[in-house]
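> Encoded as structure tokens, here's the structure I'll be asking about.
Readers should treat all values here as calculations from the given coordinates under stated rules, not as data from a laboratory. In this text the structure is predicted, and so the values were computed from the model without any measurement. FYI the Cβ positions are ideal-geometry reconstructions off the backbone, even for glycines, and counts take in every protein chain you see.
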Amino acid sequence: MLAAALPLVGAVATAALPLTDTRVGATDLAFSGQFSGVPKEGKRFVSHAALEALPAVTTIREKPMPLMAEAELRVLPLEALLGEVPLAAGADGIALRCADQWMSFYTLEFIRTWKPYVLLRHNGKSPEEGWPLLMGRQPLTPYFFNVSAAAVKKLAGGGDYGNFDPTQVVELHAVNMKEFFAPYYAGALAGLDGEAAAGPKLFLKQCFFVTGGRAGWGGWQRLAAGAGGVAHSCDAERGLFSQEGEEPEAVFSADDDAEA
């Protein structure tokens, strides 16, 4: 079992990264779900300054995204962050919730294989000092997660569950994947076999970037078991994972970001 083999699971949160009960600053990153040291149904927060003080922070020089200019990036490997705030026993994935209500997802296998990072400074500037906009309109702040430029070339088809380079991340939500994606493996879908059994996972890989989208137009999906296998569709009207009643806090907007 993957989770059992990872030292980042089931350990105790370290004292090196102070977590607060409430948000103190606009760039505080939230932790929720099955993290060690985070209460059930609650949240804990960590400041940008605390993240930047971790010894694993390093500097790379590359394009944060293919359509953006090369820059000096001050980054923290996600593996190192999970070493400070480990997942609780049973958790094996992280949903990355964004200020614009989109959501991406990393499996622990993806994290170990592709080594994603969280961006802390762009050309020496903190999120509050302003980062360039993607395509002139989409902010990266308060937090942007991605893999190295070399890995991006190998992941042209997307990550395990869609987008691997989420912008405007405000919260990391640790989950047990089987429970989190239960709608895809329950009911009629639980009895699939052969080629059809791969349908739910294939659908999530190809369409989670849609199903994890904005409330109101992010998309919902339907999987139906049939004689020929699994029929699936993306519908741009509502999101199954839009977290109704719990919208992520929009602490930044496009107006807050300045072009470099």
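> Count charges around GLU72 for me, please; just the other residues with Cβ under 11 Å from its Cβ, Lys/Arg as +1, Asp/Glu as -1. Could you put the intermediate results ahead of the total?
Values: positive: ARG61, ARG74, ARG121, LYS125; negative: GLU62, GLU70.
Here the charged neighbours net out to +2.
> Hey, another quick one. List the pairs from LYS178/LYS201; LYS153/LYS205; LYS40/LYS115; LYS178/LYS205 whose alpha-carbon separation is above 23 Å, in the order I gave them. Display every interim value, and only then the final one.
Values: LYS178/LYS201 11 Å; LYS153/LYS205 17 Å; LYS40/LYS115 28 Å; LYS178/LYS205 15 Å.
Exceeds cut-off: LYS40/LYS115.
> State, as an integer percentage, the relative contact order of the range 18-80 based on alpha-carbon contacts under 8 Å between residues 6 or more apart. Kindly include the intermediate steps, with their values, before the conclusion.
Working: 84 pairs, mean separation 15.5, N = 63.
Over the range 18-80, the number comes to 25 percent.
> Which trypsin sites (Lys or Arg not before Pro) does the range 35-87 hold that lie in a coil by DSSP with at most 14 other beta carbons within 10 Å?
Details: sites: LYS40, LYS43, ARG44, ARG61, ARG74; in loops: LYS40.
Taking the range 35-87 and a limit of 14 other Cβ atoms within 10 Å, the loop trypsin sites (Lys or Arg not before Pro) found are LYS40.
> To the nearest 0.05, how large is the calculated FRET efficiency for ALA197 and THR113 if R₀ is 35 Å and r is the Cβ-Cβ distance? Intermediate results must be reported in sequence, preceding the final value.
Numbers: r = 23 Å, r/R0 = 0.67.
Working from the Cβ atoms, E equals 0.90.
> Can you find, among VAL24, GLN101, ILE60, the residue sitting farthest towards the positive end of the charge dipole of the range 2-179, where Lys and Arg contribute +1 and Asp and Glu -1 at Cβ?
Value: ILE60.
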